[in-house]
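Below is one structure; the comments refer to it alone.
Just so it is clear, none of the values below were taken in a lab; they were calculated from the coordinates. Source: prediction; values computed, not measured. Because the Cβ atoms are built from the backbone with ideal geometry, glycine has one as well, and the counts that use them run over all protein chains shown.
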Amino acid sequence: MIVHINHISQTKKKTGKPSQLGELASLVTGSLVNFVEDGVLDASLAPSLRIHLDWIQYRTNFRDPVCVRRTTDPQGRPMALAEIAIDLRQADPAQLVLQLGRALQSVGPTSATDDGRVYLDDFRPYRDCMIWDFNRLFWQHLGEWEAASGRGFEAALPSGKSDANHPEAVADSITEFWELLKKLEDRGQLPGEIPALEIGVGSGARAAAWMDGFKALDEQKGTGYYAKLQFILGDYSATTLERAVTALARHAGHVSAAPLNALNPFKALSAYRFKVMYVHATNVYDNLPFDDLVRRDGRLYLVEVRAYLSSVAVDRLSADFGLPRNDFPTVVKRLLEEGPGGIFPGERGVAFWRCLWDYFRLEERLRALDDREESHVPPGLSWSHLEDLLTEAPEDVRFHISRGAAESFANTLPLLHPRGYLQVQDIFVEHMDEYRKGFKGPGKLDGSLVAWVNGALLRAVGARAGYDVHFAPFPYRPGTKTTVMYTTQRP
Amino acid sequence: MKLPLLPTTVIGSYSMPEWLERAKNDYLSRRLSRRDLDEMHDAVRKAAIKDQEMAGIDIVTDGELQRDNMIDYFTERLPGVQVDLGSKRFYYDFYESVVRSKLATGSLGLVEEVRFVKRFTERAQKISVSGPHTLVKRIRNQFYPTEEAFALDLGRSLNFELKELARAGATELQIDEPYYSGFPEDLPWAVKAINAAVEGVDANVTLHICYGNRYGKPSFEGSYRYLFPTILQAKVHALSLEFARRGEEDLELFREFNAPFTLGLGVIDVKTQEVEPPTLVADRIRRALEIVPVERLVINPDCGCVHLSRDVAFNKLAAMVEGTRIVRKDFGQS
């Protein structure tokens, strides 16, 4: 049996006394030995059992405090390897040993958990699972959620606000862009039209601040670049675009709205191939579909998930909303298709949606990948490139394949002018070994979700497309986990 | 060899198979022997020639798939250029290379390419070399007082090779200079270096100037206007320029400056996997014919096909040939 301590960072001051986290970890390891000695855990299963001690950064997420992951072969037949993951942050010390004992009794390949949970779906890779339907629902019905919660979606971010709008960051971005244009002009290479693109425009506040600042700087320098500037607002939500265009009304004539899928900006903007001088996105990549891969003992597994509600959750939702227990899979499907109003009219529908999301959980299993399988390989890369990425990774690791981010990135780069650049503010895992140092998502943010973005993967995608990808800390807010990713042309 | 009206050709490189990229990387990591890699190269070169023949190309190349990129293939061969062979893991990257003393005169070994391509095709053949300006921009100079001096000596060195190629039977030679477009201020001495390279070379020489094709994207943008009138001093037979991706606006420069060159007209955009219909190719040729006489027009893609998938590259070349045949009919030829 191998115990993984996946949370490696200092979270308390040195006092010389054990922390609650340490005590919980001791409780787990001590209990494990007892369980083996008492015969609770079949000794023949112990060698292929992994115990993971996590500390999940997101207070709301998709996991119960103790959860079991079984493994299957590529065809779905049970295999010996099993994992028990414990979130030391959520774990209740009074319940932990009991929960761990139950989990151990269920790890055998043929053991089944029947704790009354209601499954909402079949096992699927993360990229295809129901969370993305919930995510879409949230952005489609954002106003209703915000009205019910009494706060804007940016307030749900860990910092309570978006780093996109940070005034100093915006000012530096403007200066950097102006300097690029000046260099081009000095070489006689300034294009007649200067397109800039923001993907994921939010309220339009950042774009408005950026345009205000750029116009002011251009006037101060007397360079006349603003007259050539065409700022494209790109978002898949028509409502969001309308709101942003309104916020930028004072720059009418220099602003256009482009309804686009963040996964493929090039499709909507192909007329701008090799012309866009500046692309910016904040907190877009962390909200795009991903997969999780696990490498154990040299073998690669794809994490598959199955949505469920615990028995307790179903009881509460039934009692509060008068819905029969067996109807939940159908009700959830209807919610995702018709929106909250399709379940209950008005605020009650939103209240049900919010409670359901709160209780919503994902059960995981690890499916061994067939050597020939390629469905998990993201656009922009091939299986052999993924192999290269794996050579950088620790032998024993679980990591994201940020396929949505990779697809978006790969489909944005062809828009860039040879001297243009892309800047993305987001939460990135820059090197593969960082995946062994802490939980990287997914977590819940109000009605949507967030997962850290595999920066090493984007680096590989960029290299294939002729760009070096760099990461720099976001210097404007101490303690932030935001990183700025930017591209430069490979020589 | 008599060529048809509006002869078709390629710029040089053909589609690079992903498995070959992998093999090249494996060679750099010492997981594949030079001998095995050379055998692979020979196989893909033969396949590239065959594909071009099947597509109907009149002047073919060997696909240049044995070249890692347009720089390293030459820096590895240029006598006097020191190359750090451990400085890259990905074949397409550039080696760190430096010149610390005057370049010696010696063969670059490209004659083998002439022999190879002659062995496997009866069509007219073309061999391309990277130009002195391009090489100057990628080789660190620790000897020559100026870039111009370095380029002129590179021109001398390339001249030796171009004469060797002509002696070996090469009738169509091409010099690639994609960096002109990024450094237009260098053009006066860059043209002098070209003239040094082609002095006394008994072959048709085409000067290919594009906006770059590294990783299938342009390295520079702008207008070909910077070329004129300086480029008129270049002692080459033809200029091969990029028009399909950028539009034909700059064709007017040929009229405006009464350029005497044959024009290698780029009619295929090699930076998109979308295959042009032959009718579009024909339209592009006809627009060029409004400015350049038919006997001074050669039809080619904008640049090399190295970043296109093989089926796309083949289909684009086939469309280019078909589009050219449509226009030939206007002149009573098929």
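With unit charges on the beta carbon (Lys/Arg positive, Asp/Glu negative), name the residue among B:I139, B:M40, B:I59 whose Cα is farthest towards the positive pole of the charge dipole of region B:38-144. It is B:I139, whose Cα lies furthest towards the positive end. Along the Cα-to-Cβ line of B:E112, 7 Å from the Cα, sits a label point; which residues in region B:32-66 have backbone N less than 16 Å from it? The answer is B:33-46, B:62-66. Residues B:E21, B:E242, B:E161, B:E185, arranged from fewest to most other Cβ atoms within 10 angstrom of their Cβ, appear as B:E185, B:E21, B:E161, B:E242.
Phi angles across region A:438-450 convert, under the Karplus curve 6.51 cos²θ - 1.76 cosθ + 1.60 with θ = phi - 60°, into 3J(HN,Hα) values of x, 7, 10, x, x, x, 8, 10, 6, x, 10, 9, 9 Hz, Gly and Pro given as x.
Taking the convex hull of the Cα atoms, report for region A:380-456 its projected area averaged over all directions, in nm². If you can, show how the numbers build up before the last one.
Details: hull surface 25.6 nm².
Averaging across all directions leaves 6.4 nm² for the Cα convex hull.
Residues whose amide H falls under 5 Å from that of A:I84, counting only those 5 or more places apart or on a different chain, are A:R50, A:I51, A:H52, A:R69, with hydrogens built in the peptide plane.
For each of B:L108, A:L386, count neighbouring Cβ atoms within 10 Å of the residue's Cβ, then give the residues from fewest to most. Please report the intermediate quantities before stating the final value.
Details: B:L108 21, A:L386 18.
So the ranking, lowest neighbour count to highest, is A:L386, B:L108.
Put a plus charge on the Cβ of each Lys and Arg, a minus charge on the Cβ of each Asp and Glu, and nothing anywhere else: the dipole of the protein assembly as shown about its Cα centre is then about 640 debye. Residue by residue, region B:165-180 carries 3J(HN,Hα) couplings of 5, 5, 4, 7, x, 6, 9, 10, 10, 9, 10, 9, 9, x, 7, 3 Hz when phi is fed to the Karplus relation 6.51 cos²θ - 1.76 cosθ + 1.60 (θ = phi - 60°); x denotes Gly or Pro. Take every pair of alpha-carbon atoms less than 8 Å apart whose residues are at least six positions apart; their mean separation over the length of chain A yields a relative contact order of 19 percent. Net charge of the neighbourhood of B:K88, taken over other residues with C-beta under 12 Å away and scored Lys/Arg +1, Asp/Glu -1, is -3.
For region A:1-150, give the magnitude of the charge dipole about the Cα centre (Cβ charges: +1 Lys/Arg, -1 Asp/Glu; no others), in debye to the nearest 20. Walk me through the numbers on the way to the answer.
Working: 16 positive and 18 negative charges, 128 e Å.
The dipole magnitude comes to about 620 debye.
Would you mind giving the three semi-axes, in whole Å and largest first, of the ellipsoid equivalent to region B:1-120 according to its Cα gyration tensor? Could the numbers behind the result be given before it?
Details: eigenvalues 156, 75, 29 Å².
Each semi-axis is the square root of five times an eigenvalue, giving 28, 19, 12 Å.
Roughly how far apart, in whole Å, are the Cα centres of region A:272-344 and region A:9-78? Cα centroid to Cα centroid, the span is 25 Å.
When +1 charges are put on Lys and Arg Cβ atoms and -1 charges on Asp and Glu Cβ atoms, the dipole computed for region B:111-172 relative to its Cα centre reaches about 180 debye. For region A:344-491, the relative contact order works out to 23 percent when only alpha carbon pairs closer than 8 Å and six or more residues apart are counted.
How many angstrom separate the Cα center of region B:85-160 from the Cα center of region B:169-245? What the calculation gives is 15 Å, centre to centre. Of all DSSP bridge pairs formed entirely within chain A, close to 55 percent run antiparallel.
For A:F428, the residues 5 or more places off, or on other chains, whose built amide H falls under 5 Å of its own are A:V453, A:T483. Between A:V40, A:L157, A:H470, the Cα set farthest toward the positive side of the dipole of chain A (charges on each charged residue's Cβ, about the Cα centre) is that of A:H470. Straight-line cross-link partners of B:K102 among the lysines, defined as a Cα under 21 Å from its Cα and at least 8 positions apart when in the same chain: B:K137, B:K163, B:K192. Taking every DSSP beta bridge that has both ends in region A:185-332, the antiparallel portion is near 20%. Listed by chain and number, the lysines whose C-alpha is less than 19 Å from the C-alpha of A:K215, apart from same-chain residues fewer than 8 away, are A:K182, A:K183, A:K228. Helix content alone sets the calculated 222 nm mean residue ellipticity of chain A: runs of n ≥ 4 DSSP H residues at -39500 (n - 2.57) each, divided across all residues, give -10500 deg cm²/dmol.
Note on B:12-23: average number of Cβ atoms from other chains within 10 Å of each residue's Cβ is 1.
If each residue of separation counts as 0.36 nm, what is the full-extension length gain between A:D38 and A:V97 once their alpha-carbon separation is subtracted? Each step should come with its number before you reach the end.
Values: separation 59, 0.36 × 59 = 21.24 nm, distance 1.35 nm.
Answer, rounded to one decimal: 19.9 nm.
Could you list B:K271, A:K221 so that the one with the fewest beta carbons within 10 Å of its beta carbon is first and the one with the most is last? Before the final figure, lay out the partial values.
On the way: B:K271 22, A:K221 12.
Placing the least packed residue first, the sequence is A:K221, B:K271.
Dipole orientation for the protein assembly as shown: of the candidates B:G80, A:A91, B:G332, B:G80 has the Cα lying most toward the positive pole (charges on Cβ; Lys, Arg +1; Asp, Glu -1).
Among the listed pairs A:K267/B:K217; B:K46/B:K271; A:K267/B:K271, none has a Cα-Cα separation exceeding 26 Å. Over the protein assembly as shown, with a single point scatterer placed on each C-alpha, what log10 of the ratio I(q)/I(0) does the Debye formula yield at q = 0.11 1/Å? Cα-only, vacuum Debye calculation for the protein assembly as shown: -1.25. In a DSSP loop and with at most 16 other Cβ atoms within 10 Å, the trypsin sites (Lys or Arg not before Pro) in region B:145-249 are B:K235.
Its DSSP H runs of at least 4 residues, each contributing -39,500 (n - 2.57), put the calculated 222 nm mean residue ellipticity of chain B at -11500 deg cm²/dmol, to the nearest 500.
Could you compute Rg(Cα) / (2.2 N^0.38 Å) for region A:53-111, with N its residue count?
Values: Rg = 12.8 Å, N = 59, 2.2 N^0.38 = 10.4 Å.
In units of the 2.2 N^0.38 Å rule of thumb, it is 1.24.
In a DSSP loop and with at most 14 other Cβ atoms within 10 Å, the trypsin sites (Lys or Arg not before Pro) in region B:72-133 are B:R89, B:R100, B:K102. Relative contact order, whole percent, for region A:141-249 stands at 28, derived from Cα pairs under 8 Å and 6 or more residues apart. Of all DSSP-defined beta bridges confined to the protein assembly as shown, some 40% are antiparallel rather than parallel.
For region A:208-222, 3J(HN,Hα) computed residue by residue from phi via the Karplus equation (6.51, -1.76, 1.60; θ = phi - 60°) reads 5, 5, 5, 5, 4, x, 5, 4, 4, 5, 4, 5, 4, 8, x Hz, glycine and proline entered as x. Going Cα to Cα from A:K161, which aspartates and glutamates come in below 17 Å? Please leave out same-chain ones fewer than 8 positions away. Filter leaves A:E146, A:D286, A:D426, A:D446.
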